[in-house]
Amino acid sequence: MTGSLRSVARWVARQDDGVILELVCAEHPAPALGDPARTVVRAATCLAEVPAHEILELFTAGAQTVVVRRDECAQPHTANALLDAAAQVLASTGVDRLHLSGPEQTAPEQTGERRTLLGRRRPRAPRQSRREVLDAERMPVPRRQVLGLGAGSARGLADEYAPDAQRLTTALAALLPPSASLPDLLSPAVQLRGKGCTACGVCVRACPADALTLRHLGGSGDEANAALLMTTLVQDPTRCDGCLACVQICPEDVLTAQGRWGWDAVLARVATPAPAPVASLSTAQCQRCRTRFPTTGAGTLCPVCAYRRANPFSSRLPVDIRP
Ligand code: SF4
Ligand code: SF4
């Protein structure tokens, strides 16, 4: 994947603890200059295109400190809003391991001066030693692995198929102290309300992060009662990235976003999953087609089957009951 740090995380996982990483963008003009104690990694793209969760996962892989170098970026403070938000969360809890450097922090100190041809004095930058720059997509492979003597340790590597938002919240939760409190900081996850929901499941299928689920609780289990159940649409805020695809696609136009979840509530759910209810309604299972439908009146058939039974020769369904 373009901009991915997966091989960097693999490399970090095989190093001793305490690696200090410095990430630079693909077009940084002088990545080799700087603090020799840091391992410099050049990303394949602009750092704005590197997902925030991949940077945070470098910590779970074993990095002690990560410096994201933006000193040559044209827009250093708008480069990656999600990463800035994560840095704010960490800073507010006293975790000093993610540094987003800007021009003001990395500009070389002016320690001397020299004369120009016109005799004016000009500041002189200090001498800096050159460092090896590793390529994020071609990280060195341990000799043992090349010789087929084992892959070595690969601690802390995140599930690369999990939703991005879930990877971000999991990595953040692992970094924060247990007593961390974030009362005023908002996460990207949106709070949803679905008054009038018919449990059609369209939003569940549309959510790219698998953050929505329809749950059916109660019912006797016998065929006659087939089941009057309480159906609840629930949201997992740890997976939601606030894309609003669910709100836009709801065919009943009843799903709305009511602001954002606070980081406090989201991160608490990483350790103790607690899906949040979005809408609840009583449903029954159609005795003919077995789909579940809202119990708005008497009858054991869903609106479609009830219409077909009442109109066996009709070839078209009325618009209001089309599935
Ligand atoms: S919120 Fe809308 S799309 Fe989602 S299950 Fe309810 S009616 Fe269907
Ligand atoms: S806004 Fe809706 S569709 Fe988007 S991730 Fe959140 S729950 Fe899923």
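The values are calculated or read from the model by the stated rules, or taken from the named source; none is laboratory data. Everything quoted here is computed from the prediction, not taken from an experiment. All Cβ positions, glycine included, derive from the backbone under ideal geometry; neighbour counts span all protein chains shown.
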Entirely in segment 184-296, the helices (runs of 4 or more DSSP H) that have 2 or more residues that are of a type outside the set (A, V, I, L, M) and within 11 Å of ligand 2 (Cβ to nearest atom): 202-206, 245-249
Counting only residues that are over 26 Å from D241 (Cβ atoms), at pLDDT 90 or above and in the same structural domain as E160 (by TED's automatic domain parsing), give me the strands (runs of 3 or more DSSP E) lying completely in segment 1-116 with at least 3 of them. 19-24, 39-42
Could you say which residue among R269, R288 is over 17 Å from T231 (Cβ atoms), in the same structural domain as H216 (by TED's automatic domain parsing), without any contact (Cβ under 8 Å) to a residue 24 or more places away in the chain and away from ligand 1 (no atom under 15 Å from the Cβ)? R288
Test each condition in (1) of a type outside the set (S, T, N, Q); (2) in contact (Cβ under 8 Å) with a residue 60 or more places away in the chain; (3) within 16 Å of ligand 1 (Cβ to nearest atom); (4) more than 19 Å from H216 (Cβ to Cβ) for G259 and report the one that comes out false. (3)
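Rundown of residues vs (1) in contact (Cβ under 8 Å) with a residue 60 or more places away in the chain; (2) among the charged types (D, E, K, R), yes/no style:
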position	(1), (2)
S7	yes, no
R10	yes, yes
G18	no, no
V24	yes, no
V68	no, no
A81	no, no
A85	yes, no
Quick one: what pairs do we get from segment 176-192, first residue under 18 Å from R97 (Cα atoms), second part of a loop (DSSP other than H, G, I, E, B) and of a type in the set (G, A, S), C-beta under 8 Å, 6+ apart or different chains? P177/G94
Taking segment 303-320 only, how many residues are part of a helix (DSSP H, G or I) and surrounded by 14 or more Cβ atoms within 10 Å (Cβ to Cβ)? 6
Those residues that are surrounded by fewer than 17 Cβ atoms within 10 Å (Cβ to Cβ) and of a type in the set (A, V, I, L, M, F, W, C), I need them from segment 187-203; list them, please. V202
Of all residues in segment 166-183, which are away from ligand 2 (no atom under 16 Å from the Cβ) and either of a type outside the set (G, A, S) or touching a Pro at 6+ places or on another chain (Cβ under 8 Å) (or both)? L172, L175, L176, P177, P178, L182, P183
Of (1) at pLDDT 95 or above; (2) away from ligand 1 (no atom under 16 Å from the Cβ), G219 satisfies every one except (1)
Restricting attention to segment 247-262, does a residue exist that is buried (at least 17 other Cβ atoms within 10 Å of the Cβ) and out of contact with any strand residue (DSSP E or B) (no Cβ under 7 Å at 6 or more places or on another chain)? yes
